[in-house]
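Notes follow once the structure below has been shown.
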Amino acid sequence: FSFRKLWAFTGPGFLMSIAYLDPGNIESDLQSGAVAGFKLLWVLMLATIIGLLLQRLAARLGVVTGLHLAEVCNRQYQKVPRIILWLMVELAIIGSDMQEVIGSAIAINLLSVGKIPLWGGVLITIADTFVFLFLDKYGLRKLEAFFGFLITIMALTFGYEYITVKPSQEKLLKGLFIPYCQNCGTTQLEQAVGIVGAVIMPHNMYLHSALVKSRQVNRANKREVQEANKYFFIESCIALFVSFIINIFVVTVFAEAFFEKTNADVNGVCMNASSPHSSLFPNNNETLEVDIYKGGVVLGCYFGPAALYIWAIGILAAGQSSTMTGTYSGQFVMEGFLNLRWSRFARVLLTRSIAITPTLFVAIFQDVEHLTGMNDFLNVLMSLQLPFALIPILTFTSLPSVMNDFANGL
């Protein structure tokens, strides 16, 4: 084992792990904490482990064949299944892009104390397209470093909320290692399914299989391929462990502070704190429902304005970091399935326009609560698209004709 070699292979796994930290994931985390307390932490852990195993398969496919998943699909499938697969993956990418736009717009609205309306935040997210295209010119390694910086911001901001709230460590460990859900109903079950849909992103397998190609590996040398597989797997383990810890921060903060709270409880605290957002919570005994926007507001009411702004910075980092990974996924998928060599600028402009149009429509004609409600629908969409990525990756990595000596036994 060599730390120097591990450093040389470090990058693709952290870019891939950003999909585990996008605004859709953060919203799923806070809702599971508020709805089920600590009871669904084991679902989050299992989903992350399954995600790691699938990402390992994707990385192995890219290292061994020198082709990413979309290119292998292009070679192995007939025209009709190939087109269907491409459309399904594009749908997943657009859905993911919409979540990033929604998250970024909400974060900008919170940071500006509501002065920048939601539709303004949505329009501002168009600008990040050009920022990332500018950064991309300086090489993948520098872009990987920038994404590492954004992950660090997320770890610090959500870690701050965790330290401020001080969740019960005993309940945390019980929730992680004992699969239970006492007194759970339909709402908790829906949330458990939502966690899986939010964590395991279908287009992320296409992305990871392509990102590993950025490292030079002599595929004629079996030992070198084995070594690359080993270091990419170690890096993926570290990256997903970091993302898992950040997800735990969010779940446990809302489980400790807001589980079984009513609207009246929060309304009283917000009124006492002279929060301008008190009207968000009617003075009744219904169970509190939170999303990315309301989550920031209740943190501000209970733990001071700093908690709200730090939360918004974390959401903004999540939205911005996942923007470029979605762009990369779209580029690789289009090139692989259709043999289309569009410029990254044209590709970004197309997907971002498709994602922004419905989001902008909702932002103009509805309020923030309806905008965040789109996340639930989009997480369901991700769950429905999952088989269209799982079937190819599980099939190809078990075929000796594709993977040679590196085919899976099962």
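Computed values, structure above
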{"read-out": "Leading residue by the ranking (farthest from LEU211 (Cα to Cα)) among those in the stretch 330-349 that are modelled with pLDDT of 80 or more and aromatic (Phe, Trp, Tyr)", "value": "PHE337"}
{"read-out": "Whichever residue in the stretch 41-72 is open to solvent by 10 Å² or more (accessible area, probe 1.4 Å) and not in a helix (DSSP H, G or I) and, among such residues, is farthest from LEU381 (Cα to Cα)", "value": "GLY66"}
{"read-out": "Tally of residues being among the acidic types (Asp, Glu) and in contact (Cβ under 8 Å) with a residue 60 or more places away in the chain across the stretch 247-265", "value": "2"}
{"read-out": "Total residues in the stretch 74-132, condition aromatic (Phe, Trp, Tyr) and more than 26 Å from LYS142 (Cα to Cα)", "value": "3"}
{"read-out": "Whichever residue in the stretch 230-246 is open to solvent by 10 Å² or more (accessible area, probe 1.4 Å) and in contact (Cβ under 8 Å) with a residue 40 or more places away in the chain and, among such residues, is farthest from ILE200 (Cα to Cα)", "value": "ILE234"}
{"read-out": "Residues being open to solvent by 10 Å² or more (accessible area, probe 1.4 Å) and either of a type outside the set (A, V, I, L, M, F, W, C) or under 22 Å from ALA228 (Cβ atoms) (or both) - total across the stretch 2-40", "value": "12"}
{"read-out": "Residue count, the stretch 329-350 (criterion: open to solvent by less than 10 Å² (accessible area, probe 1.4 Å) and either among the hydroxyl-bearing types (Ser, Thr, Tyr) or not in a helix (DSSP H, G or I) (or both))", "value": "1"}
{"read-out": "Pair list, Cβ < 7 Å and 6+ apart or interchain, from the stretch 386-401 residues that are within 15 Å of LEU91 (Cα to Cα) to residues that are assigned to a loop (DSSP other than H, G, I, E, B) and hydrophobic (A, V, I, L, M, F, W, C)", "value": "LEU386/ILE200"}
{"read-out": "Test: residue in the stretch 212-226 that is in contact with a Phe, Trp or Tyr (Cβ under 7 Å, 6 or more places away or on another chain) and either buried (at least 22 other Cβ atoms within 10 Å of the Cβ) or free of Cβ contacts under 8 Å to residues at least 24 places away in the same chain (or both)", "value": "yes"}
{"read-out": "Hits in the stretch 248-303 - residues which are part of a loop (DSSP other than H, G, I, E, B) and open to solvent by 40 Å² or more (accessible area, probe 1.4 Å)", "value": "PHE259, GLU260, LYS261, ALA273, SER274, PRO276, PRO282, ASN283, ASN284, ASN285, GLU286, GLU289"}
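Rundown of residues vs (1) in contact (Cβ under 8 Å) with a residue 60 or more places away in the chain; (2) out of contact with any Lys or Arg (no Cβ under 9 Å at 6 or more places or on another chain); (3) open to solvent by less than 40 Å² (accessible area, probe 1.4 Å); (4) part of a helix (DSSP H, G or I), yes/no style:
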position	(1), (2), (3), (4)
ASN74	yes, no, yes, yes
ALA105	yes, yes, yes, yes
THR125	yes, no, yes, yes
PHE134	no, yes, no, yes
ARG141	yes, yes, no, yes
PHE146	no, yes, no, yes
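The values are calculated or read from the model by the stated rules, or taken from the named source; none is laboratory data. No experiment lies behind these values; they were computed from the predicted model shown. Counting neighbours? That spans all protein chains shown, and the Cβs are built from the backbone with ideal geometry, glycine included. Please note that ligands, DNA and RNA were not included when accessible areas were found on the heavy atoms of the full protein model with its side chains. Shrake-Rupley method; radii C 1.70, N 1.55, O 1.52, S 1.80 Å.
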